[in-house]
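The values are calculated or read from the model by the stated rules, or taken from the named source; none is laboratory data. Quantities reported herein were computed from a predicted structural model and do not represent experimental measurements. Virtual Cβ from ideal backbone geometry, glycine too; neighbours counted across all protein chains shown. The protein model used for the area step is the full one, side chains on, heavy atoms only, and it has no ligands, DNA or RNA in it. Shrake-Rupley method; radii C 1.70, N 1.55, O 1.52, S 1.80 Å.
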Amino acid sequence: MAFPAEVLAEQEELVLHLRPHWRTALRPGLLVLLAVVVIAGSWVMLPSTEGGRIAFLVIAAIMLYQGVRYGVAPLVSWRCTHWVLTDERILLQDGVIARERRDLPLNRVNDHVVTQSVLDRVFGTGTLKIDSIGEQAVQLTAVPRAQQVQTLLYEVIEQDRLLRPDDEDEDEPEIPVQRKGLFRKQRR
């Protein structure tokens, strides 16, 4: 399922559109294939007696359940997950029937960290954790080309900061507040 372009604002430009890496779809795909092979094998191997047909129906029901639950559902969920980086925000969308869409404005992003295991480095993926102002954190797992995505995210955030400077007046210097505390000598 493609990402809907009508979600973007008029002046907003798409910078990057990602999905989780294909390796996250590998295990569910293999489980679907295994379920099909077991059903086909039981069809061929079991006798054509009434007991064989009952055994085939039981095996087929179990394999269909397992194939749909642990194979097809994660594949569809993987296909419906979108991570979009624009020049104004980061959009995170997932869900098949009930959708969840989350926006993180670039000016609220505090930190972004990439972590990679050995297997992640082999596949060129990683986990990207994005912290923003207000106790909001997002963790994107199996991000393809994670280090390049982090670099691009940094560049887009810096461009956003240059285009939209803070509203603070720099003419008036901030006067530090002096506090009396336990570790400060008080004059008497």
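Things to note:
- Across the stretch 13-59, the qualifying residues are those that are loosely packed, with under 14 Cβ neighbours inside 10 Å and of a type in the set (D, E, K, R), and the one among them that is farthest from the chain's Cα centre (by Cα) is 50.
- In the stretch 44-71, residue farthest from residue 19 (Cα to Cα) [restricted to those that are assigned to a helix (DSSP H, G or I) and among the hydroxyl-bearing types (Ser, Thr, Tyr)]: 65
- Exclusive hit being over 28 Å from residue 96 (Cβ atoms) and at pLDDT below 90, set 10, 50: 10
- Contact annotation: residue pairs with Cβ atoms under 6 Å, 6 or more positions apart or on different chains, pairing a residue in the stretch 52-80 that is under 13 Å from residue 42 (Cα atoms) with a partner that is of a type in the set (S, T, N, Q) and in a helix (DSSP H, G or I), are 56/42; 59/42.
- Test: residue in the stretch 116-130 that is modelled with pLDDT of 90 or more, in contact with a Gly (Cβ under 8 Å, 6 or more places away or on another chain) and not acidic (Asp, Glu): yes
- Tabulated pairs, the stretch 90-109, first without any contact (Cβ under 8 Å) to a residue 40 or more places away in the chain, second surrounded by fewer than 15 Cβ atoms within 10 Å (Cβ to Cβ) and in a strand (DSSP E or B), C-beta under 8 angstrom, 6+ apart or interchain: 94/100; 104/136; 108/136
- When residues of the stretch 126-153 are limited to those that are within 12 Å of the chain's Cα centre (by Cα) and β-branched (Val, Ile, Thr), the one surrounded by the most Cβ atoms within 10 Å (Cβ to Cβ): 143
- Entry remark, the stretch 72-112: residues being open to solvent by 60 Å² or more (accessible area, probe 1.4 Å) and assigned to a strand (DSSP E or B) number 7 in total.
- Filtering the stretch 1-43 to residues that are part of a helix (DSSP H, G or I), more than 20 Å from residue 66 (Cα to Cα) and β-branched (Val, Ile, Thr) leaves only 7.
- Check on residue 43, closer than 23 Å to residue 145 by Cβ and of a type outside the set (Gly, Ala, Ser): no
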